[in-house]
Amino acid sequence: EPKCDTDDSDTNPQFATFGGKWGCNPEPKVCEPEPPKCDPEPKCDPEPKCDPEPKICEPEHKSWHHGCDPEPPKCEPEPPKCDPDPPKCDPDPPQDCGCDCATGEDVPEPEYTTVASTALYFGTADDELILGTDGDDTLSGAGGDDRIEAGAGNDEIEGGNGDDRLYGEAGNDKLTGGTGQNLMWGGAGDDEFNFTFLSGDDVVKDFGDGDDLLIFSSGLFADEQAALDAFVDTDCGAMLDLSDMELGTVLIECVNVADLSVDDFLII
């Protein structure tokens, strides 16, 4: 609320100008209550310019009416350069899914007996660490709580009995948890996760890292849509509970039911 040098400006508005002796601005600049919002496509002049020699008024003409600045602003010899490609504002930033579950990963692993670099193995009753090759391997844990790391190649791995950890790793792999409580990582590639009447409680840890597929035995569901409809959302992902059939559960970790479609299922 700027005020004039004298109250006469209220009754003599003709003097309330930039050229009048009172120096009062009758239309003061209004404060902007809301700062400008982010421009999703900011623009700027990559080569700002200024007049290094601004026009200076003669002493007898020092007024705003003669079009010159009695005290012109100094030109910055090297004005800050504008970034021609400034970071753009994302009006719709991606939302964090908020899933920080690590289902089953806090369970201590046993002391394994290592079976290294094998392409064909059917396991024993021991707790085994079974390591595949860079080729196409067929690996089974049989009994015991096993950890199978298939390596590169298109591998077929099965946990068998026990609580197993299956890692398909690179390649298009086929994983079957078997009985027990099993954790399955398909890894890179287009992987298949198989569930049968013998499946226990399985967790698929990385569904969607490629064109992955959930495969169910035909006696479990009539068709792919029925399988999809049986899943419900939980805090840790899409869950299928077959306890009413005296079977286990399937958790697709950090995936919502809305993210699944019938194309993600196959009934065989």
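The table below lists the values:
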| read-out | value |
| --- | --- |
| Residue in the range 97-114 that is modelled with pLDDT of 90 or more, on the phi < 0 side of the Ramachandran plot, β-branched (Val, Ile, Thr) and in contact with a Phe, Trp or Tyr (Cβ under 8 Å, 6 or more places away or on another chain) present | no |
| Elements of type strands (runs of 3 or more DSSP E) contained in the range 141-228, each with 2 or more residues being out of contact with any Ser or Thr (no Cβ under 9 Å at 6 or more places or on another chain) | 147-149, 165-167, 174-176, 181-185, 213-216 |
| Condition broken by residue 118, with the remaining ones in (1) β-branched (Val, Ile, Thr); (2) at pLDDT below 95; (3) within 27 Å of residue 239 (Cβ to Cβ) satisfied | (3) |
| Residue identified as of a type in the set (Asp, Glu) and in contact with a Leu (Cβ under 7 Å, 6 or more places away or on another chain) among 223, 201, 191 | 191 |
| Residue that is farthest from the chain's Cα centre (by Cα) [pool: residues in the range 223-243 that are modelled with pLDDT of 95 or more and of a type in the set (Gly, Ala, Ser)] | 226 |
| Filter pass, residue 156 being in the same structural domain as residue 182 (by TED's automatic domain parsing) and either touching a residue at least 60 places away in the same chain (Cβ under 8 Å) or farther than 22 Å from residue 188 by Cβ (or both) | no |
| Inter-residue pairs, beta-carbon under 6 Å, first outside the structural domain of residue 207 (by TED's automatic domain parsing) and in the range 99-122, second part of a loop (DSSP other than H, G, I, E, B) and loosely packed, with under 13 Cβ neighbours inside 10 Å, 6+ apart | none |
| Single condition residue 233 does not satisfy, out of (1) touching a strand residue (DSSP E or B) at 6+ places or on another chain (Cβ under 6 Å); (2) assigned to a strand (DSSP E or B) | (1) |
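Results for (1) surrounded by fewer than 17 Cβ atoms within 10 Å (Cβ to Cβ); (2) in the same structural domain as residue 168 (by TED's automatic domain parsing); (3) closer than 26 Å to residue 172 by Cβ, shown as yes or no for each residue.
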{"position": "213", "(1), (2), (3)": "no, yes, yes"}
{"position": "216", "(1), (2), (3)": "no, yes, yes"}
{"position": "222", "(1), (2), (3)": "yes, yes, no"}
{"position": "232", "(1), (2), (3)": "yes, yes, no"}
{"position": "237", "(1), (2), (3)": "no, yes, yes"}
{"position": "242", "(1), (2), (3)": "no, yes, no"}
{"position": "251", "(1), (2), (3)": "no, yes, yes"}
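The values are calculated or read from the model by the stated rules, or taken from the named source; none is laboratory data. Values in this document were obtained by computation on a predicted structure and should not be read as measured data. Neighbour counts are summed over all protein chains in view; Cβ atoms, including those assigned to glycine, are modelled from backbone coordinates with ideal geometry.
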